[in-house]
Each structure stands twice: as C-alpha cells, then as structure tokens.
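To start, the structure under review is shown below, and the notes come after it.
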Amino acid sequence: MVRRVIVEKYNPRWITQYEAEAERLRKLLSDNLLEIHHIGSTAIPGLSAKPIIDIMPVVRDILAVDLLQKTFEQAGYLYFGEYGIPGRRFLVRGTAEMRLAQVHIFGISSPDIKRHLAFRDYLRVHPEAAAEYSSLKTSLAEKFPLDIDAYIGGKSGFVKDLEAKALKWYRQNPQH
C-alpha cells in the first residue's frame, strides 16, 4: 500500500472538519475529556498541509481510553494504541490510503501537550516561519509524491529546530 503525499494550499474548511471531528470525540470520550485542540498544519491559517485533520484530546485518565477501543472502532476509527509515543493513544479515521483525521490523545500530565500547542501557536504568530515551513512541505511533496518516509525525513530537521524555538517562545509568552 502506497500513501500518496498530497500537500494542499490552506483550506478554511479544515476548521469546520475539525469542529465536526471534535464533536464526535467529545461524545466518545465523555467525562474523561478535559480539553480538545486542533493541532498540526491544518490548524495554522495560510499553511499548506496534507488535508488530514490532527486533533489532540486531553483526558483525565489515559488508561481509560484503552477501554473504549471497540467503541472507537465502531465509530469508524482505527485504534493504534501508543504507536511509538509513550502515554499517547493514536487513532485514525478514514482508510489506510486516505486518512481524514488523526487523533493524538494524551493524559493531562503529558509534556507532549505543551510541545504540540507551542508548535501550533508559534506558527500562528510567526508568519515568516509558517511560510518557510509551508514552502518546504510543498517542495518535499513534489519531490517525494509516493514516499511518505522521505517526505517526513526531509522536514524532520526543520521541525526539530522549529519546535525548540517554539517551546522557548511558549515559555516566555505564557499569555497565549
């Protein structure tokens, strides 16, 4: 199975898609849900992105999420468990070839929450960094249309550097 790497110009409909997905997740996670965030490139106005909505629910009890695996699957999600990141539960809605949404569930004490929010918020208030990232993503998608691993690898250094800047900025700007 080959997943095509498709990067599109920013689409304001991504906000509506996020809101619909978030509502679906609110119902499934119920009282365990504390907050829910639109993260990833589709959450940054003006940024080109793969048209997959990334969502980060934050829950009281991450282990309780595992008890909902069958419920998630009945609602159309593929349930992957931690999937390489300790303390996260990763779900995908859509098919292996065409993902519609990726869900990254974290417990309230996870440091990954701050990392995701810092990255998103930094790009929202630093349009020059967002434009550079957007350009990189577009050129990598053109260069590696059938190689998601090369696409991800091609942007990993940039993302790590940007993440470090974003975390520093986030700590210095607690009002966001």
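Roughly how many Å² of residue 19 are accessible to a 1.4 Å probe, to the nearest 10?
Near enough 100 Å² of accessible area.
Counting only helical runs of four or more DSSP H residues, what would the 222 nm mean residue ellipticity of the chain come to if each run contributes -39,500 (n - 2.57) and the total is spread over all its residues?
Working: 6 runs with 84 residues, N = 176.
Mean residue ellipticity at 222 nm (helix-derived): -15500 deg cm²/dmol.
Please grab the % of Cα pairs in the range 78-159 that end up more than 16 Å from each other.
Values: 2212 of 3321 pairs.
Of all Cα-Cα pairs in the range 78-159, 67 percent lie more than 16 Å apart.
For the range 90-169 and the range 1-22, compute the distance between their C-alpha centroids and round to whole Å.
Measuring centre to centre over Cα atoms gives 13 Å.
Roughly how many debye, to the nearest 20, is the charge dipole of the chain about its Cα centre, given +1 on each Lys and Arg Cβ, -1 on each Asp and Glu Cβ, and no other charges?
Once rounded to the nearest 20, the dipole reads 140 debye.
With a 1.4 Å probe and all protein chains left in place, how much of the accessible area of the range 1-78 comes from carbon and sulfur atoms, in whole percent?
52
Quick one: dipole size for the range 51-90, taken about the Cα centre, charges +1 on Lys/Arg Cβ and -1 on Asp/Glu Cβ, in debye to the nearest 20.
On the way: 4 positive and 5 negative charges, 11 e Å.
Around 60 debye, computed over the range 51-90.
Run the numbers on the range 1-90 and let me know its relative contact order in percent, using alpha-carbon pairs under 8 Å that are six or more apart. Don't skip to the answer; put the middle values down first.
Numbers: 112 pairs, mean separation 23.5, N = 90.
About 26 percent, as a whole number.
The values are calculated or read from the model by the stated rules, or taken from the named source; none is laboratory data. Keep in mind it's a predicted model, so treat the numbers as computed, not measured. Don't worry about glycine lacking a Cβ; one is built from the backbone with ideal geometry, like all the others, and counts go over all protein chains shown. Remember, those area values only see protein heavy atoms, side chains included, never the ligands or the DNA or RNA. Shrake-Rupley method; radii C 1.70, N 1.55, O 1.52, S 1.80 Å.
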